[in-house]
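The values are calculated or read from the model by the stated rules, or taken from the named source; none is laboratory data. The structure displayed is predicted, hence computed values, not measured ones. Every residue, glycine among them, receives a Cβ derived from its backbone with ideal geometry; neighbour counts consider all protein chains shown.
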Amino acid sequence: MSENDKLLNEQGVLYTNKQDYDKAVELFLKAIEIDASDEYYNNLGIAYVYKKEYPKAIEAFQKALEINPDNREAYYNIEVLWW
């Protein structure tokens with residue numbers, strides 16, 4: 001992780017909280033280009049859930065789990081979508 005991808009991720013979280021999900025997705029994708037972190041993919045998945053883009057959300061959560069099989073938040077998020 002570098003400072004740039006961390007900053008992009010943090011900005012993405014802020015935009016998610018502001019309900020600007022398009023901007024959040026854009027920022028998470030930029031962070032992922034720098035470092036394909038499971039945290040960033042999980043946050044991307046959350047933004048996609050809010051956008052009601054469920055297949056993309058599941059794909060992002062699955063990618064987070066490929067990177068880190070111990071990511072409990074990603075497991076929880078994908079489980080919620082399946083119910």
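Here are a few things to note about the model shown:
- Remark: pairs (first residue in the stretch 15-40, on the phi > 0 side of the Ramachandran plot; second residue surrounded by fewer than 16 Cβ atoms within 10 Å (Cβ to Cβ) and modelled with pLDDT of 95 or more; Cβ separation under 9 Å; 6+ apart in sequence or on different chains) = Gln19/Tyr50.
- Criterion applied to Asn42, Asn68 was being surrounded by fewer than 19 Cβ atoms within 10 Å (Cβ to Cβ) and either touching a helix residue (DSSP H, G or I) at 6+ places or on another chain (Cβ under 8 Å) or at pLDDT below 95 (or both), and the one residue passing it is Asn68.
- Candidate set: the stretch 1-55, residues that are under 11 Å from the mean Cα position of the chain (by Cα) and outside any helix (DSSP H, G or I); chosen: the one nearest to Asn77 (Cα to Cα): Ser37
- Options Glu73, Glu79: the member that is at pLDDT below 95 and either β-branched (Val, Ile, Thr) or assigned to a helix (DSSP H, G or I) (or both): Glu79
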